[in-house]
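Structure, as structure tokens:
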Amino acid sequence: MLTRWLAKPWVGAARGRVLRRSFEPPPRQATESARRGTPWGFHAIFNTCPPFGRRADINEIERKGNAMQNKASRRRQQVSASPGRLFASEPTRRQQWANKAVHEILAGYPPGKTPPFKVLEVLLELFNTLHTSLDKTVSHKTRQERAQFLRRFFRDLKAKAGFNTIPDPRNLGQKHIHAMVLVWQREHLAPATIQTYLSFLRGLGMWMGKHGFVRGPAHYGLSVEEYQRHEYAQRDKSWSAQGVDIQGVIEQVCAYDPHVGASLRLIQTIGLRRKEAVLFRPFGSVVPFEATGLAYEDKVVDQYVRIKGKGGRVRFIPLDSSARLAAVEFAQDVVSSMGAHMGNPANDLKQNLRRFDYVLEKFGITFRALGVTAHGLRHEALIEHFQSLTGQPPPVRGGMGLPREVDQFARKAVSELAGHARIRASGAYIGQSVVLCTKVSTPTVSVDLRDSDDSP
């Protein structure tokens, strides 16, 4: 468009030269601006051009460019003055909220005059990135699930619970929670789901300064035994416990989709989560012991795999068995490049996870078909790890009990392999501790994994 305009006969050559010259910043300035991120784009340069008929002044252009650079630098250096912004990864608050406390911000949205959903969105904007009890942020998945539930909760108060109007979140009362609990019971929601919903509502109450607003299950007519999430596994969810031919099924998947098959082998041997297996980089994730930062006395082998799990926690798993080495080598043969992960590089994470689920469903790896899921392979790996350390099955498989020291040592190892910070988390895979009450005269169990080929 600009070229066509310059080519018209009534545009003088001198003016064309002036315009073209004004579009070319000085070489030094252009280099410096590119390094510093100065907005020397088309529109920025166009704004520095002199009026037509007037010769361009290079000094003037430099002065204007420097002014824009300084302005951009000041803008980048600004830090939100919003209270409660504890992490750099958090989004900044609105400009009008700067230097205001939460109650001052909410005062600008008076109850009865502000739509309830607008108030809810304000609360989500202020607090949804934060953990309800710990001084940290939560994952994007948790933020999304929490926001979706709260929006649906207030819609369902009118659509399913029979309330004529949707209350302001700040006016939420026990009658609303009671009514929704009855709805969840009629819908036969799982106990874990109900507990998650109550936890989300408990967080909402804390955002509004109402600590203890959501009470225990018994207050809402729920049986504690029925509607309390069990910390310990009540049944064995591994593939072998359901009679599944693990190697046969994985080989079939490998023949159909080597990427998904390789991910299953990694889950089986290393105990990865589904997402961790899809994001695993067969070359990039393998590191020498020196790169782990572990103490030298904890060294087991020369090579480890680096796994970044939930909450950004990083763990290092030793390649201390032939099964683990074979799984990693198979994955290396499958990927197309040194920096590739186990998913299709042409797809994003969501699409790769969907592909993973599709392949598993195609081969009947579902709870409805075979009674197992991909997560059952993770249970398989962690249960086998416990057995390799203790020499007997865990409680979820009928283990008879261990000395306290041995039990705690093995549970700590299982938690570390799973990527959990708490030892108690191991109970979700291996069951509740069955500790011998009497002291035994057996020597302390010494575990050396250097030559073990049977550990997962």
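Taken together, the values in this text are just the output of simple stated rules run on the coordinates, not laboratory data. Keep in mind that this is a model prediction, so the values were computed, not measured. Using ideal geometry, Cβ is built from the backbone for each residue, glycine included, and neighbour counts are taken over all protein chains shown.
Numbers for the structure displayed
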item	result
Listed peptides 186-192, 272-278 by packing density, highest first (mean Cβ within 10 Å)	272-278, 186-192
Alpha-carbon centroid distance for the pair region 257-291 / region 123-162, whole angstrom	32 Å
Spatial separation of Cα centroids for region 323-371 and region 398-412, in angstrom	34 Å
Cut-off 14 Å between beta-carbons: net charge of the residues surrounding residue 362, Lys and Arg +1, Asp and Glu -1	0
Peptides 166-174, 141-149 ordered by average Cβ neighbours within 10 Å, highest first	166-174, 141-149
Cβ crowding within 10 Å averaged over residues, with 332-345, 382-395 ranked highest first	382-395, 332-345
Pairs from 237/362; 118/350; 136/160; 113/350; 141/362; 141/175 whose Cα-Cα separation, in the structure shown, is over 32 Å	136/160; 113/350
Within-14-Å neighbourhood charge of residue 209 [Cβ basis; K, R +1; D, E -1]	+2
Surface/4 estimate of mean projected area, convex hull on alpha-carbon atoms of region 240-279, nm²	2.8 nm²
